[in-house]
Amino acid sequence: MKRVLLSWSSGKDSAWSLYLLRQNPDISVAGFLTTINEQFDRVAMHAVRRNLLELQCEAAGIPLWAVPIPWPCSNQEYEARMSEVCMRAVSEDVEAIAFGDLYLADIRAYRERQLAGTGLEPLFPVWNIPTDRLART
């Protein structure tokens with residue numbers, strides 16, 4: 001079984017990614033990987049309070065891998081902190097990190113570059129949905 005971290009922003013795209021990953025019997029979600037703004041103690045992406053994030057983890061039964069980042073945070077500092085997490089993940093037998101990015105090719109390419117050479121596979125579960133299955137408005 002492949003152990004996977006899910007990049008967890010606390011939003012709906014992360015929740016949808018979790019649902020999709022749980023449909024695959026060959027994947028075990030080992031943790032929610034979330035950057036936390038140190039100054040405000042909130043999820044960096046959506047400013048969700050940490051206690052709500054922890055309740056989400058508890059409800060899902062998945063441990064939190066919190067990555068504290070300063071505010072403001074340079075890209076260099078962000079990448080250094082994420083590099084540390086990648087090393088930890090490999091040491092704990094995690095094989096991949098999944099991202100819930102919705103068809104953002106530039107972000108996908110960035111994530112693939114950042115994980116290259118780390119020993120971690122980037123996964124994009126939302127990208128794997130056939131477009132004819134997506135809800136139409």
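Since every read-out is calculated from the coordinates, none of them should be taken as a lab result. On a predicted model such as this, the values are computed, not experimentally measured, just so you know. Using ideal geometry, Cβ is built from the backbone for each residue, glycine included, and neighbour counts are taken over all protein chains shown.
Relative contact order of the chain: what whole-number percent is it, with Cα pairs under 8 angstrom and at least 6 residues apart? Intermediate results must be reported in sequence, preceding the final value.
Numbers: 205 pairs, mean separation 36.5, N = 137.
For the chain, the relative contact order is 27 percent.
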note = Checked against the structure, the computed Cα extents along the principal axes in Å among [x] 56, 36, 23; [y] 39, 29, 26; [z] 42, 33, 30 is the one labelled [z]
message = I'd like the FRET efficiency for ARG113 and ARG3, computed as 1/(1 + (r/R0)^6) with the beta carbon distance as r and R0 of 35 Å, rounded to 0.05.
response = 0.95
request  = Specify the residue with the greatest mean-square fluctuation among ALA30, ALA96, ALA80, computed from a Gaussian network of the chain linking alpha-carbon atoms under 10 Å apart.
outcome  = ALA80
key: Choice from LEU20, LEU53, LEU64 with maximal GNM fluctuation in the chain (Cα, 10 Å cutoff)   = LEU20
ask   = For the chain, what is the percent of antiparallel DSSP beta bridges, rounded to the nearest 5?
value = 15
query = Under a GNM of the chain (C-alpha, springs under 10 Å), which listed residue has the highest mean-square fluctuation: ILE62, ILE97, ILE107?
reply = ILE107
query = Between GLU38 and residues 5 or more places away or on another chain, which pairs have amide H atoms under 5 Å apart, with H built 1.01 Å from N, and which residues are they?
reply = ILE69, TRP71
key: Within the stretch 44-71, backbone nitrogen closer than 12 Å to the virtual label 7 Å beyond the Cα of TYR19 toward Cβ   = none
ask   = Under 5 Å between amide H atoms, partner at least 5 residues away or on a different chain: which partners does ILE27 have, H built in plane at 1.01 Å?
value = LYS2
request  = Place a +1 charge on the Cβ of each Lys and Arg in the chain and a -1 charge on the Cβ of each Asp and Glu, then give the dipole magnitude about the Cα centre in debye, rounded to the nearest 20.
outcome  = 360
